[in-house]
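Asker: Below is the structure I would like to discuss, written out as structure tokens.
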Amino acid sequence: MNFIEMITNAGGGHLLANAPALVVAIPLIAGAVAVVLGHGKLAWVWSVLIALVTFGFSLILLQSVLGGETITYAMGNWPAPLGITYHIDALNALLISLVSAMALLALLYGWPMVEREIDPKKHAMFFGTFLLCVGGLIGVAIAGDAFNVFVFLEVSSISTYVLVAMGAQKNRQALTASFNYLILGTIGATFFVIGVGLLYMATGTLNMADISRILADSEGNRVVRAAFAFIVIGLGLKTAMFPLHTWLPNAYTFSPSMIGVFLASTATKVAFYILIRFLFSVFHAGASFETAMFDFVLAPMAMVAMIVCSVQASFQSDVRRLLAYSSVAQVGYMLLGLSLGTAAGLAAGLLHMFNHALMKGALFMAVGLAGLGLGITRVNELRGLGKTMPLVAAGLTVAGLSLIGVPLTAGFISKYYLVIAVLERGWWWAVVAIVVSSVLAIFYVGRMIEAMYLQNPPTPSAAHESDPPIQVRSPVLSMAALYVLVIGSVWFFFDPSLPKGLADTAAGLLIGGGGL
């Protein structure tokens, strides 16, 4: 008996039927309740429960589409184009599950960080805003009409600006980072909504399935091409596509530790998803202007990002900033898969999106725990961490090896499939870029591993150098969340069937023109 049948037999058929609406509405409504609760610990417990329920509904949706089915849900039983529709298939079901799972893990991990980094008077507001961000990101993934994609994108973005700014108690530069993020995020949203307006001008509808059908029956015109350009630039900013990524390093570096974990695992992935949805479902990859953009814009920028941002990461002294530049390089891998314009390339990009969420979430968790236990923020301060915090160091090492793409880690699997897809297109120079970027990753990940295991920890003033280093213990829930991601980064090397199967199904639908 599967998960859905168990709930149905327990009398939850009505809940199952409305799962697409509930997975968005629950965190949005619960965010306001968290603020009203007032007490920080109570708001945290409430947020954990809501994240758990949201994750449960996301699993229901995921299981419903595992066989390649799609779900169309009309809000209030008002069919499109009069009403708002939600669309769930293999592509966004995986993403919705990823966002809800990372929200739950970030909350389980984050309470000790929030206690230290956020003013107690703002705890309830922090968790309420976090739930709004979660609801907004899931809404972006599930919305079936272009304007509601914009609405949910802004809900998640505005929440994120506030959450990043709350890191000001730890470092005042969080305010500048949040302001820069706000300005560039607003520019990106403006470009996107202008593109949506142009699509409405050309098609007379905002429903993405209807837009897709109308554009498929026409050759396209200047209005459609202008809409395409505005949407790609707007979503490029949200995805942190090189060279539109300048907001990301500071946002990841100075945000609260829990928010750094969540953003690194989800924010750019959701933007990457909606970019795929528009390029392959709405505009139909294969049009001459799309092919030219893939070959002469996206692919070159992706390869430049992979190399240049890996070089930048190699020279960073702040650990979180190093990981932030690495994230931009990893977005390059995803965009390279997309720009191939093939089912194999798109599937590889989607698989790397999933694997990168696991490895980068684990890396930010490990760094946050090192900061909590020993005040570590810089690479040279990691020295001796293998002796003082061995479990944290081990988690950071495994996730770092996955980032490089070492065999026995999930990162190797997605890079392997990406190389195969690139070779199928005959792009040998892209294989060179993948190899060079991976070698550069050895340098910046190797710096951390070398400091943790080959250098001695700093000796406290009251201790002798011959004394064994004192081990620092980390909170149990935080460590459990970290090792869920670490184990996942290894597990999906040996059994990548779930993400690979969903990525293949989604790519087949999108390339075949059945993505909406």
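Asker: State the antiparallel share, in %, of DSSP beta bridges confined to the chain, rounding to the nearest 5.
Answerer: Working: 7 of 8 bridges.
About 90 percent, rounded to the nearest 5.
Asker: Right, another one. For the ranges 412-424, 25-37, 391-403, what's the packing order if you count other beta-carbon atoms within 10 Å of each residue, average per peptide, and put the highest first? Kindly include the intermediate steps, with their values, before the conclusion.
Answerer: Numbers: 412-424: 20.4, 25-37: 18.8, 391-403: 24.6.
Taking the mean over residues of other Cβ atoms within 10 Å, the ranking is 391-403, 412-424, 25-37.
Asker: Continuing with the same structure: Can you put Lys387, Lys238 in order, fewest other beta carbons within 10 Å first? Working shown, then result.
Answerer: On the way: Lys387 17, Lys238 26.
Exposure proxy ranking, most exposed first: Lys387, Lys238.
Asker: Sorted from fewest to most neighbouring beta carbons within 10 Å, what does the list His39, His245, His352 look like?
Answerer: Working: His39 12, His245 23, His352 27.
The order, fewest Cβ neighbours first, is His39, His245, His352.
Asker: At 24 angstrom or more along the helix axis (alpha-carbon based) and mean Kyte-Doolittle of -1.0 or higher, what helices does the chain contain? Whole DSSP H runs only. Please report the intermediate quantities before stating the final value.
Answerer: On the way: long enough: 19-37 (26 Å, 2.56); 40-64 (36 Å, 1.62); 90-117 (39 Å, 1.26); 123-142 (29 Å, 1.99); 146-165 (29 Å, 1.68); 173-203 (45 Å, 1.41); 222-239 (25 Å, 1.43); 257-276 (29 Å, 1.69); 319-339 (30 Å, 0.90); 343-374 (46 Å, 1.38); 428-454 (37 Å, 1.69); 476-494 (27 Å, 2.23).
What comes out of the filter, once short or polar helices are dropped, is 19-37, 40-64, 90-117, 123-142, 146-165, 173-203, 222-239, 257-276, 319-339, 343-374, 428-454, 476-494.
Asker: Give me the distance in nm between label points sitting 7 Å out from Cα along the Cα-to-Cβ direction at Trp491 and Asp119, one decimal.
Answerer: 4.0 nm
Asker: Scan segment 271-333 for chymotrypsin sites (Phe, Trp or Tyr not before Pro) in coil per DSSP, keeping those whose Cβ has at most 16 other Cβ atoms within 10 Å, and list them by number.
Answerer: Numbers: sites: Phe272, Tyr273, Phe278, Phe280, Phe283, Phe289, Phe294, Phe296, Phe315, Tyr325, Tyr333; in loops: Phe283, Phe315.
Filter output for segment 271-333: Phe315.
Asker: Can you give the helix-only mean residue ellipticity at 222 nm for the chain, where every DSSP H stretch with n ≥ 4 adds -39500 (n - 2.57) and the sum goes over all residues, rounded to the nearest 500 deg cm²/dmol? Walk me through the numbers on the way to the answer.
Answerer: Numbers: 22 runs with 380 residues, N = 516.
Calculated mean residue ellipticity at 222 nm is -25000 deg cm²/dmol.
Asker: Multiply the residue separation of Val45 and Val419 by 0.36 nm, subtract the distance between their alpha-carbon atoms, and state the gained length in nm to one decimal.
Answerer: Values: separation 374, 0.36 × 374 = 134.64 nm, distance 4.38 nm.
Length gained, Val45 through Val419: 130.3 nm.
Asker: Compute the label zone of Phe315 within segment 415-442: residues whose backbone N is under 13 Å from the point 7 Å along Cα-to-Cβ.
Answerer: none
Asker: Same structure, new question: Treat each spin label as a single point 7 Å out from the Cα along the C-beta direction, and report the Leu52 to Gln169 distance in nm.
Answerer: Here the answer is 2.6 nm between the modelled labels.
Asker: Between segment 168-236 and segment 276-340, how far is it from one alpha carbon centroid to the other, in angstrom?
Answerer: Answer, in whole Å: 18.
Asker: Do any of Lys121/Lys269; Lys41/Lys387; Lys122/Lys269; Lys238/Lys415 go past 26 Å between their Cα atoms, and which? Let's see the in-between values first.
Answerer: Details: Lys121/Lys269 32 Å; Lys41/Lys387 32 Å; Lys122/Lys269 28 Å; Lys238/Lys415 23 Å.
Check vs 26 Å cut-off fails for Lys121/Lys269; Lys41/Lys387; Lys122/Lys269.
Asker: What is the P(r) of segment 288-516, as percent of Cα-Cα pairs per 5 Å bin from 0?
Answerer: 1, 7, 14, 18, 17, 14, 10, 7, 5, 3, 2, 1, 0, 0, 0
Asker: Here's something else I'd like to know. If the chain between Leu477 and Arg213 were fully stretched, how many nm would it gain, using 0.36 nm times the residue separation less the Cα-Cα distance? Before the final figure, lay out each step's value.
Answerer: On the way: separation 264, 0.36 × 264 = 95.04 nm, distance 4.84 nm.
In short, 90.2 nm is gained.
Asker: Can you list residues from other chains, or at least 5 along the same chain, whose modelled amide H is less than 5 Å from the amide H of Arg378?
Answerer: The answer is Val319.
Asker: Something else about it: For each of Ser100, Ser317, count neighbouring Cβ atoms within 10 Å of the residue's Cβ, then give the residues from fewest to most. Mind dumping the intermediate values first?
Answerer: Values: Ser100 27, Ser317 12.
In increasing order of surrounding Cβ atoms, one gets Ser317, Ser100.
Read-outs: derived from the displayed coordinates by stated rules, not from any lab. Nothing here was measured: the structure is a model prediction, and the numbers come from that model. All Cβ positions, even for glycine, are placed from backbone atoms using ideal geometry, and neighbour counts span all protein chains on display.
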